[in-house]
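**Q** This structure is in structure tokens; I'll ask about it shortly.
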């Protein structure tokens, strides 16, 4: 019987404004579900599962052919308000970006040149 390699498990918990109208800070959990082993290539870079609000959401980071980093989130704020704000200005993506900035990960800091629906 061949041994299967252990999958890496990363869980980050941070306090974000909660889902209620008072926006009381609540814990949100971010778990890496996919990470592209081919760094630098266009396409999906990584995906995260987000828990802690009313529903579970998914965040993905995409690298365009022009090497722009484009964030996507499945939460209602990102889906319905993307036209009115900078692309993916939802609290989930902002929280994840904040973590990467704290760690000093340069690629996650880049902003897309345009919003993509």
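**Q** Testing residue 72 on (1) modelled with pLDDT of 80 or more; (2) touching a strand residue (DSSP E or B) at 6+ places or on another chain (Cβ under 8 Å); (3) assigned to a loop (DSSP other than H, G, I, E, B), one condition comes back false. Which one is that?
**A** (3)
**Q** Name the single residue that is farthest from the chain's Cα centre (by Cα) among those in segment 35-50 being in a strand (DSSP E or B) and farther than 13 Å from residue 72 by Cβ. Spell out the reasoning first.
**A** Filtering segment 35-50 for residues in a strand (DSSP E or B) gives 35, 43-50.
Adding the requirement that they be farther than 13 Å from residue 72 by Cβ leaves 35, 49.
On the way: 35: 12, 49: 8 Å.
The qualifying residue farthest from the chain's Cα centre (by Cα) is 35.
**Q** Can you tell me which residue within segment 95-109, out of those that are surrounded by 13 or more Cβ atoms within 10 Å (Cβ to Cβ) and under 22 Å from residue 42 (Cα atoms), is modelled with the lowest pLDDT?
**A** 108
**Q** Just checking, which of 57, 84, 28 is exposed (fewer than 12 other Cβ atoms within 10 Å of the Cβ) and either modelled with pLDDT under 85 or in contact with a helix residue (DSSP H, G or I) (Cβ under 7 Å, 6 or more places away or on another chain) (or both)? Steps first, please.
**A** Numbers: 57 fails: exposed (fewer than 12 other Cβ atoms within 10 Å of the Cβ); 28 fails: exposed (fewer than 12 other Cβ atoms within 10 Å of the Cβ).
After ruling out the rest, the residue left standing is 84.
**Q** Applying the selection to segment 51-68, what residues are over 8 Å from the mean Cα position of the chain (by Cα), within 16 Å of residue 95 (Cβ to Cβ) and assigned to a strand (DSSP E or B)?
**A** 51, 57
The values are calculated or read from the model by the stated rules, or taken from the named source; none is laboratory data. If you're wondering where the values come from, they're calculated on a predicted model, not measured in any experiment. As a convention, Cβ positions derive from the backbone with ideal geometry for all residues, glycine included, and neighbour counts pool all protein chains shown.
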